[in-house]
Amino acid sequence: MTNEQSITTLLGLIRERHSFVVTSHARPDGDAIGSALGMMHLLEAMGKEVVVAFADPIPEPFDCLEGVNRILPALPGKVPDAAIILECDSVHRTGFAQIPARFTINIDHHLSGRDYADFNWIDAKACAVGALVYDVALAAGVPISAAMADCLYTAVLTDTGSFNYPGTNAATFALAEHLVQCGTNANRIAQAMYFSNPVSKVRLLGMALSKMVIQGEVCWSVISQEDMRVAGASVEDCEGVVNHLIGMAGIEAAILLRQQPDLNEYRLSLRSKGIGKVDVSAVAEHFGGGGHRNASGCTQFGTAADITERVIQEVDHQLKPGNGPATTTPASSHETSSSLLA
């Protein structure tokens, strides 16, 4: 099914229903939050009843988005006509045990995306799920308000790594330009996302950088529960730390291990550069996780040293000549017809 066919089918499903719950993955990031709130504004503009719910807290930088104060920490008691699950490869990953709904809709752009809902739309070429929501709004003929534009711009800005990841091209910037024309304040969004860090996050970053280890073209570090206690940090403060590790010259892959309350469990954030030597989505999938070529994650059990050894061994396999990632062609960015941007 083409994107156009998926959008047509999706709009038919939406128009046939009245009440919706919208959610995304646990530990929500910019695309999860921005696309969920963007979808909320879109559905309400279509006259629908909408509830947005996340299992985990919303990080403070996203307070700038209109509607964030309406996000619930639990699913509503009333069973909606449909649940829309964004940027998430399973119901389990939402953090909710189950999502009661008469119909389920899955919209994703991860290479590891799966068909688990009644209707599935997975476009691995899209730069962000927020870009897919944008396409739906255009196809529905719904005017993009400044509030919706802020949410969708946030989704695209953060999930492209500030327009740095491969696949960012003219279409991506055209989308961003159109959202600015619709009323988003790009400077205000950037200020909130990147220049409003709490002191605890900066302290935690310092701890992680002080412990970083460089092994050839791989850099890794660990954030322990004790580090978080000393820094007075929250889980949200760990967001983005790994990007500082991949930002060094000569580094092709970066790994950040975050210790969980169960001290034998670690959450791994993996990063790589451009269309270079390492596809971290393949590494993450090898260990039961998933994501994108340049940004992925997984969970592992054991000691930090043992886990790091296992993961670096998998990365090193790709770094050896002739053993590069199977996917050597970069996924193109979100493509939008110029007529839709007029």
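The values are calculated or read from the model by the stated rules, or taken from the named source; none is laboratory data. Worth saying up front: this structure is predicted, and the values here are computed from it rather than measured. With ideal geometry, Cβ positions are generated from the backbone for all residues, glycine too; neighbour counts draw on all protein chains shown. We work out accessible area using only protein heavy atoms, side chains counted, and drop any ligands, DNA or RNA first. Shrake-Rupley method; radii C 1.70, N 1.55, O 1.52, S 1.80 Å.
Details
- Helix 3-15 vs. the chain, principal-axis angle (Cα, 0 to 90°, nearest 10): 60
- Split the chain at each of the GluC sites (Glu not before Pro) in a DSSP loop with at most 15 other beta carbon atoms within 10 Å, and the longest piece is 67-342.
- Per residue, the convex hull spanned by the Cα atoms of the range 19-79 amounts to 72 cubic angstrom.
- P(r) of the range 154-236 over all Cα-Cα pairs, binned every 5 Å from zero, in whole percent: 3, 12, 17, 14, 16, 14, 12, 9, 4, 0
- The average projected area of the range 46-113, computed from the convex hull of its Cα atoms over all directions, is 5.6 nm².
- Positive end of the dipole of the chain (Cβ unit charges, origin at the Cα centre): among GLY30, LEU270, GLY232, the Cα lying farthest that way belongs to GLY232.
- Annotation for the range 131-199 versus the range 275-307: alpha-carbon center distance of 27 Å.
- Long-range amide H partners of VAL52 with built H, under 5 Å: VAL22, LEU72
- Against the chain, whose longest principal axis comes from its Cα atoms, helix 129-140 is set at around 10 degrees.
- Here the spin labels are modelled as points 7 Å beyond Cα on the Cα-Cβ line, and at ASP118 and GLN191 they lie 4.4 nm apart.
- Range of Cα positions in the chain per principal axis (Å), largest first: 54, 42, 38
- Relative contact order computed over the chain (Cα-Cα under 8 Å; 6+ residues apart), in percent: 14
- Phi angles across the range 96-110 convert, under the Karplus curve 6.51 cos²θ - 1.76 cosθ + 1.60 with θ = phi - 60°, into 3J(HN,Hα) values of 9, 4, 7, 10, x, 6, 6, 7, 10, 10, 10, 10, 8, 9, 7 Hz, Gly and Pro given as x.
- Spin-label pair GLN98/PHE301, simplified geometry with 7 Å Cα→Cβ offset, distance in nm: 2.5
- Percent accessible area from carbon and sulfur atoms, the chain, protein chains only, probe 1.4 Å: 52
- Where only DSSP H runs of four or more residues are counted, the chain gives -11000 deg cm²/dmol as its mean residue ellipticity at 222 nm, each run worth -39500 (n - 2.57).
- Counting only DSSP beta bridges whose two residues both lie in the chain, roughly 45 percent are antiparallel.
- Cross-link reach is defined here as a Cα-Cα straight distance under 24 Å, omitting same-chain residues fewer than 8 places apart; for LYS320 the lysines meeting it are LYS273, LYS277.
- Rounded to 10°, Cα long-axis angle of helix 199-210 versus longest principal axis of the chain: 40
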